Amino acid sequence: MPKYLPEPFRIKVVEPIQLINQAEREKALKAAGYNVFGLRAQDVYIDLMTDSGTGAMSQAQWSAMMSGDESYAGARSFYRLKEVMEDIFGFKHFVPTHQGRAAENILAAVLLKAGQFVPSNMHFDTTEGNILARGGVPTNLVKQVAYEPQTVVDFKGDMDTDALKAWIEEKGPANIPFGMMTITNNAGGGQPVSLANLRAVSEIYRSYNIPFFIDACRYAENAYFIKLREPGYADKTPLEIAREIFALADGATMSAKKDGMVNIGGFLATNDDKLFERVRAELILREGFPTYGGLAGRDLDALAVGLRDGLQEDYLAYRLAQTAYAADRIRQAGMPLIEPTGGHAIYLDAAGLLPHLSREQLPGQALSVALYQYGGIRAVEMGTIAFGQLVDGQWKFPPLELVRLAIPRRTYTQSHFDYVAEVIGEIKADAGKIRGMKMTYAPELLRHFTAQFEYV
Ligand code: F0G
């Protein structure tokens, strides 16, 4: 899908961005300790750090915000959101949360006991963190092909259902308080999951009485991949496909900062009355009253409209085509990528681009620094710094050394991605000159946000 579909919108409000010069970029990098998380956003030209909460809202969302009802309890805004939630997801109950990880925290708090196991195709790192924080054991059972960067299959996010069955038998269903699936699989490259696989996983969980929760962050992109790729779905709307997905589950967590098309928000949904009572109690303690859950009334209205925006077929066609177009240009510039391209992001193979650097010389970190240095582009290292383990001064390396370019929704245009590809072409031409890095400071937890670096 390399053809660029024109944006199905025109621009009414603009946010100026500027490319500061190379000397200023060097200075900014130095001040940030060569960690792009330390940069000021005003010094970034094209910000592809995340697609989470960084998109543009529509005029319908902005005008809905003016109708926000800020009542503490029973706000109109909540009931407008409830109607949309029932229409799309169809769960019996839901509570708003301030973002995805808050929903994960509450789910883990009410369901998980220390020593218990939670399977998924692949947990995102906050989900994993919330399970670990309660003494649980998160387990990834995605199909093996997900770990082969160059293998192209339609649904690389699918769960290995044989492995799931064997694993449930081994651990014992009583030790598995709930099971999950992440759609699309962010940690595995934004890869979609097929409906056939979701159906099979749902049947397995149900046969063992294990409640099934979907991590729904990018469910609309996943639904559109199903429409494009799965036999029998070409004539269905994304909404119909979404309904079919969620009918297979007992509940969901969602960071609405992705396919909810909002800058902040999330939810936890469940069909279970008893569980909902406990969720509500926990929510009141941590987030707020159940009809606002840590959000303003206007945020609930933006989400009610955003969920509908995110399922529009012309938007989704453009969204996936934009990612595919950008990947195609970047591939043509000579950059090795994780294949196939996912929905929300492009994953650059830093080790493949910089073979003269050893793993100790942190090629992922070096590439994220080079992207900023060469073109003011901000991306995230997803290699040794994000996922490696440092044991007695020795690195244990993760399988891949990646840098993620995540694409904010409705924010950048074709020319921005042409520019990104040109900068990557310049880096490729200079690849032999890109210097390795070493870490000079690291905090104990969540290293990649605040670690500091120097050139070796
Ligand atoms: N689940 C998935 C699959 C995610 O990608 C994220 C966030 C979360 C849960 C947590 O949601 O941030 O609202 O608390 N992903 C962002 C990213 C941060 O950049 O990929 P949150």
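The values are calculated or read from the model by the stated rules, or taken from the named source; none is laboratory data. This structure is a prediction, so every number in the text was calculated from the model and none was measured. Every residue, glycine among them, receives a Cβ derived from its backbone with ideal geometry; neighbour counts consider all protein chains shown.
Quick check, is Val84 over 21 Å from the mean Cα position of the chain (by Cα), farther than 26 Å from Glu244 by Cα and among the β-branched types (Val, Ile, Thr)? It is false that Val84 is over 21 Å from the mean Cα position of the chain (by Cα), farther than 26 Å from Glu244 by Cα and among the β-branched types (Val, Ile, Thr). When the stretch 158-192 is filtered for residues that are out of contact with any helix residue (DSSP H, G or I) (no Cβ under 6 Å at 6 or more places or on another chain) and among the β-branched types (Val, Ile, Thr), the ones remaining, listed by number, are Ile168, Ile176, Thr182. For first residues located in the stretch 9-27 and free of Cβ contacts under 8 Å to residues at least 60 places away in the same chain and surrounded by 13 or more Cβ atoms within 10 Å (Cβ to Cβ), partners that are of a type outside the set (A, V, I, L, M, F, W, C) and not in a helix (DSSP H, G or I) and lie 6+ apart or on another chain with Cβ distances below 8 Å form the pairs Ile17/Tyr45.
Candidates Ala249, Ala234, Ala187: the one that is surrounded by fewer than 17 Cβ atoms within 10 Å (Cβ to Cβ) and in a loop (DSSP other than H, G, I, E, B) is Ala234.
Residues checked against (1) at pLDDT below 95; (2) part of a loop (DSSP other than H, G, I, E, B):
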site	(1), (2)
Tyr347	no, no
Pro355	no, yes
Gly364	no, no
Ser368	no, no
Tyr372	no, no
Glu381	no, no
Leu390	yes, no
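Got at least one residue in the stretch 269-291 being touching a Gly at 6+ places or on another chain (Cβ under 9 Å), within 16 Å of the ligand (Cβ to nearest atom) and polar (S, T, N, Q)? No - not one qualifying residue is present in the stretch 269-291. When you look at Pro177, is it over 29 Å from Leu311 (Cβ atoms), modelled with pLDDT of 95 or more and within 16 Å of the ligand (Cβ to nearest atom), yes or no? For Pro177, the condition - over 29 Å from Leu311 (Cβ atoms), modelled with pLDDT of 95 or more and within 16 Å of the ligand (Cβ to nearest atom) - is not met. Search the stretch 203-226 for residues being more than 16 Å from the ligand (Cβ to nearest atom) and under 25 Å from Thr50 (Cα atoms), and hand back the single one that is surrounded by the fewest Cβ atoms within 10 Å (Cβ to Cβ). Per the criteria, the residue is Tyr224. If you check Arg25, Arg76 for being closer than 30 Å to Ala442 by Cα and of a type in the set (Lys, Arg), only one passes: Arg25. On the basis of being among the small types (Gly, Ala, Ser), assigned to a loop (DSSP other than H, G, I, E, B) and under 30 Å from Val44 (Cβ atoms), does Gly55 make the cut? Here the answer is yes, as Gly55 does meet what is asked.
Taking the criterion of being within 25 Å of the chain's Cα centre (by Cα) and surrounded by fewer than 21 Cβ atoms within 10 Å (Cβ to Cβ), the residues of the stretch 289-308 that qualify are Gly294, Ala296, Arg298, Arg308. In this structure, is Gly33 part of a loop (DSSP other than H, G, I, E, B) and not assigned by TED's automatic domain parsing to the domain that holds Ala406? Criteria not met by Gly33. So in the stretch 88-135, with the set limited to residues that are in a loop (DSSP other than H, G, I, E, B) and of a type in the set (S, T, N, Q), which one is nearest to the ligand (Cβ to nearest atom)? Out of the qualifying residues, it is Gln99.
Among residues of the stretch 292-321 that are farther than 16 Å from Cys217 by Cα, those with a beta-carbon under 6 Å from a residue that is assigned to a helix (DSSP H, G or I) and of a type in the set (Ser, Thr, Tyr) at least six positions away or on a different chain give the pairs Gly297/Ser77; Leu300/Ser77; Asp301/Ser77. Is it the case that the stretch 290-299 has a residue that's more than 17 Å from Phe94 (Cα to Cα) and not acidic (Asp, Glu)? Yes, the stretch 290-299 contains at least one residue that is more than 17 Å from Phe94 (Cα to Cα) and not acidic (Asp, Glu). Can you confirm whether the stretch 34-41 contains a residue that is within 16 Å of the ligand (Cβ to nearest atom) and either without any contact (Cβ under 8 Å) to a residue 40 or more places away in the chain or under 30 Å from Ile284 (Cα atoms) (or both)? Checked against the condition, which is being within 16 Å of the ligand (Cβ to nearest atom) and either without any contact (Cβ under 8 Å) to a residue 40 or more places away in the chain or under 30 Å from Ile284 (Cα atoms) (or both), the stretch 34-41 yields at least one hit. Screening Ala187, Ala223, Ala216, Ala200 for residues that are farther than 19 Å from Asn140 by Cα, of a type outside the set (Lys, Arg) and in the same structural domain as Thr161 (by TED's automatic domain parsing) leaves exactly one candidate, Ala223.
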